[in-house]
Amino acid sequence: MPEFTSYPAGSPSWVDHAAKDVEVSNSFYSGLFGWKAEDQGEEMGHYTIFSKGGKTVAGNMAVMTDGQPSAWVTYVSVNDADATTDLAKKAGASVFVEPMDVADIGRMALFADPTGAAIGLWQAKTFHGAELANEPGSFVWNELNTREVPAAKAFYTEVFGWKPNDMDMGGMSYTEWRLGDKPVAGMQVMPEMVPAGVPAHWLVYFAVDDTDATVSKATNTGATTLVPPMDIPPGRFAVLSDADGAAFAVIKTRPMAT
């Protein structure tokens, strides 16, 4: 079972959801992925921790301001949130949330890269991130969709030390981000079908046992299908929008060739 107790700096380690209606989204994702939702109390701003089999997998919280869109956010593990934020600013980021302590469990920051995609930082203290990942019911991949690939390549190489590895993915160009020799995330040009008003964004992929069945279940409980189930080299995937408008992807991955 893919369980984690720590993450190397530069690795996506956590995902959370900003909701207009926390109770509704807690119910939706608990039903869809078999998660248990636990309110962390007033001291933590009633942040919700989702778990599966007793292992943390994701978070949920209320949007901070009126008009803030509901969205999934990817957090990258770093050794020093302050230093990384300073580096990101110099590389062209726009900071939403300056580095701040989250009780005694870690330090976080949130900014938009120069192409407009929001991404978070997590400097772990006692909480290291998702204890379960890369298996059904947990996040398995994080992908930047942007209209400005060259600018994104320069930014993430500078801030996280990622190296872009361009690949042919079924006739389209796809960038695999590598940390050392390990793939940690992906990037693609924003698909033409996406409306011009949709900004660059990080899309979170959750692993599932059956993509078609998951899409059917999701749409029966309030989700909208943005990209119907289809086969791609890594597996069968689909993109959905929950009732709050937050986009996410699901994928039944293929076994890696040996």
The long-range amide H neighbours of residue 178, using H built 1.01 Å from N in the peptide plane and a cut-off of under 5 Å, are 163, 165, 184
Unit-weight point scatterers at every alpha-carbon of the stretch 87-204, Debye formula, q = 0.18, 0.19, 0.20 1/Å: log10 I(q)/I(0) is -1.08, -1.18, -1.28
Taking only the alpha-carbon positions of the stretch 36-119 as identical scatterers, the Debye log10 I(q)/I(0) at q = 0.22, 0.25, 0.26 Å⁻¹ comes out as -1.24, -1.37, -1.40
Going residue by residue through the stretch 90-103, the Karplus relation 6.51 cos²θ - 1.76 cosθ + 1.60 with θ = phi - 60° gives ³J(HN,Hα) values, rounded to whole Hz and with x marking Gly or Pro, of 5, 8, x, 6, 10, 7, 8, 10, 5, x, 8, 6, 10, 6
Expressed to two decimals, the stretch 137-258 has a Cα Rg over Rh, using the Kirkwood radius, of 0.97
All alpha-carbon distances of the stretch 145-210, grouped into 10 Å bins from 0, give the whole-percent distribution 19, 49, 29, 4
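Roughly how big is the stretch 154-230's charge dipole about its Cα centre, with Cβ charges of +1 (Lys, Arg) and -1 (Asp, Glu), in debye to the nearest 20? Mind showing how you got there, number by number?
Details: 4 positive and 9 negative charges, 41 e Å.
The calculation lands at about 200 debye.
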Diffing the stretch 5-10: the Karplus 3J(HN,Hα) column from phi (6.51, -1.76, 1.60, θ = phi - 60°), in whole Hz with x for Gly and Pro, holds 10, 6, 9, x, 4, x
Expected sort for 30-43, 107-120 on mean C-beta neighbours within 10 Å, highest first, is 107-120, 30-43
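List nothing, just return the count: lysine pairs in the stretch 151-258, 8 or more apart or interchain, with Cα separation under 27 Å.
Details: 153/163; 153/182; 163/182; 163/252; 182/252; 217/252.
Here the count comes out as 6.
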Whole-percent tail of the Cα-Cα distance distribution for the stretch 1-48, cut at 15 Å, equals 60 percent
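What whole-number volume per residue, in cubic angstrom, does the convex hull of the C-alpha atoms of the stretch 205-258 give? It would help to have the intermediate numbers written out before the result.
On the way: hull volume 3.4 nm³, N = 54.
Per-residue hull volume (Cα only) is 62 Å³.
Nearest 5 is fine: what % of DSSP beta bridges in the chain come out antiparallel, could you say? Show your work: numbers first, answer last.
Details: 60 of 74 bridges.
Counting only bridges with both partners in the chain, antiparallel ones make up about 80 percent.
How much net charge surrounds residue 188 when only other residues with a Cβ under 13 Å from its Cβ are counted (Lys, Arg +1; Asp, Glu -1)?
Summing Lys and Arg as +1 and Asp and Glu as -1 gives -4.
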Using eta = 0.692 mPa s and T = 37 °C, Stokes-Einstein with Kirkwood Rh from Cα pairs puts D for the stretch 1-81, in µm² s⁻¹, at 240 µm²/s
Long-range amide H partners of residue 77, meaning residues 5 or more apart or on another chain whose placed amide H is closer than 5 Å, are 10, 11, 13, 122
For residue 125, counting only aspartates and glutamates whose alpha-carbon sits under 12 Å away and dropping same-chain residues fewer than eight positions off, the answer is 80, 101, 104
At the level of C-alpha centres, the distance separating the stretch 1-64 and the stretch 83-161, in angstrom, is 17 Å
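Each reported figure results from applying straightforward, stated rules to the coordinates on display, with no laboratory input. Here the structure is a predicted model, which means the values were calculated and not measured. Note that we place each Cβ from the backbone using ideal geometry, even for glycine, and neighbour counts take in every protein chain shown.
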